[in-house]
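Report on one structure; see the data block that follows.
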């Protein structure tokens, strides 16, 4: 016997206007936006906090909110940014606009997200997993979930997939792409927290934030690392002696396969011993460092890219494209981590990282069509798995990009519910007007051109 027939009658525990699957930055932005407009919202997450990689995953860095001139993640992104630096426990010395204001402590961000969602009036549940979608004729009718109390169902008029992996969209039958032409995926990282770092000594020696990658060669030559990985995002200062480690890559991981995730996270824990040796023996300021924790989530940079009404691509990035239906603009460079730890792959990464970036004030538009999965009439997608090619996914996947697309998905859900229309048919001018009213950066609303 290799299959089991499984049938249950489930209680519909939540019957709402909008169900948000996933409580990372995109999910938080979606839920808060929709709830503030008066909708009944339920958001679920499998972890014990909102924030995904920024909190449970111990990644203490936002990436850029600004294009060098404008604050492009306006609205929810601006609120998160303001609140975290006003909160008790914000990292010392990190002042708004000071240049190091993208690094934070995850515990502070957890409380910021808790307050935002609770104040919005949205209902939420942690430690809750989405298991399956019940669909009919391109419409998701209910979501099957599991909590400690057992299985239950959620019914909603609109569902928003903020899982990062496009799980709900894939279960509902939306088409997607994954990886490069050969199926290769960016490696993962098990992020970490470290104590007892002498940051003054490290910085004085040139071994502080973002100054560590070029110092790897001697350790690689000495055989410190199992794999000669030349890409080191770095150890980031988040306190007087605290560091957040975005260090080490788990090559070959597939974030949509639990067996692959299991192998990768076990290896990630072992790999940190190699980096501990590297920092202690080869760099200044880290001799007394101690590993305090590893993330509850393995950092996954890419899995599925859900195909929507438009696939935002490299040509759009290069053209600084403007779209008539854009819901925001963003500017982070193309950041595709090498899939293999060889010199050729790393050289390709470095070339793209240096060439596919913008001058101050330059941005690309994100069309609303990128949030509307093909073949689904009441589902939106937000976060790193929106409809984009691999290059643009390498840019928009970071937290400020997720705030932008999540906020737009939340407001689009509002208009779909209010107008009783399918999500692809939401009025774009109305959506842009509502987004502008809550602070979204939309300098070209209604236009279509290359700048």
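Data table
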{"read-out": "Difference of contour (0.36 nm per residue) and Cα-Cα distance, residue 343 to residue 205", "value": "47.0 nm"}
{"read-out": "Within region 1-41, backbone nitrogen closer than 13 Å to the virtual label 7 Å beyond the Cα of residue 86 toward Cβ", "value": "none"}
{"read-out": "Ranked 103, 42, criterion: other C-beta atoms within 10 Å, fewest first", "value": "103, 42"}
{"read-out": "Separation in nanometres of the label points that stand 7 Å from Cα toward Cβ, at residue 430 and residue 198", "value": "6.4"}
{"read-out": "Taking all pairs of distinct alpha-carbon atoms in region 385-451, Kirkwood radius in angstrom", "value": "13.2"}
{"read-out": "Relative contact order, percent, region 187-323 [alpha-carbon distance under 8 Å, six or more residues apart]", "value": "38"}
{"read-out": "Degrees separating the helix 106-120 axis from the principal Cα axis of the chain, which is the longest one", "value": "10"}
{"read-out": "The chain - mean residue ellipticity at 222 nm from DSSP helices (-39,500 (n - 2.57) per run, n ≥ 4, rounded to 500)", "value": "-9500 deg cm²/dmol"}
{"read-out": "Acute angle (nearest 10 degrees) that the helix 343-355 long axis makes with the longest principal axis of the chain, alpha-carbon atoms", "value": "60"}
{"read-out": "FRET E, pair residue 359, residue 315, Förster distance 25 Å, beta-carbon r, rounded to 0.05", "value": "0.85"}
{"read-out": "Mean Cβ neighbour count within 10 Å, used as a protection proxy, ranking 123-134, 369-380, 304-315, 434-445 highest first", "value": "369-380, 304-315, 434-445, 123-134"}
{"read-out": "Of all DSSP beta bridges in the chain, antiparallel share, percent nearest 5", "value": "65"}
{"read-out": "Centre separation in Å (Cα based) which lies between region 166-188 and region 283-336", "value": "15"}
{"read-out": "Tilt relative to the chain, helix 399-419 - C-alpha long axis, 0 to 90 degrees, to 10", "value": "10"}
{"read-out": "Three principal axis lengths of the chain [C-alpha, angstrom, descending]", "value": "62, 60, 46"}
{"read-out": "As computed over region 320-451, the Cα convex hull volume per residue (Å³)", "value": "109"}
{"read-out": "Semi-axes of the equivalent ellipsoid for region 192-294, Cα gyration tensor, largest first, Å", "value": "24, 16, 11"}
{"read-out": "Label-point separation, residue 118 to residue 263 (7 Å along Cα→Cβ), nm", "value": "4.2"}
{"read-out": "Label-point gap, in nm, between residue 3 and residue 224 - each point 7 angstrom along Cα→Cβ", "value": "5.3"}
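Rule-based calculations on the coordinates, nothing more; no lab input. Bear in mind that the values here come from a model prediction, so they are computed numbers and not experimental data. Counting neighbours? That spans all protein chains shown, and the Cβs are built from the backbone with ideal geometry, glycine included.
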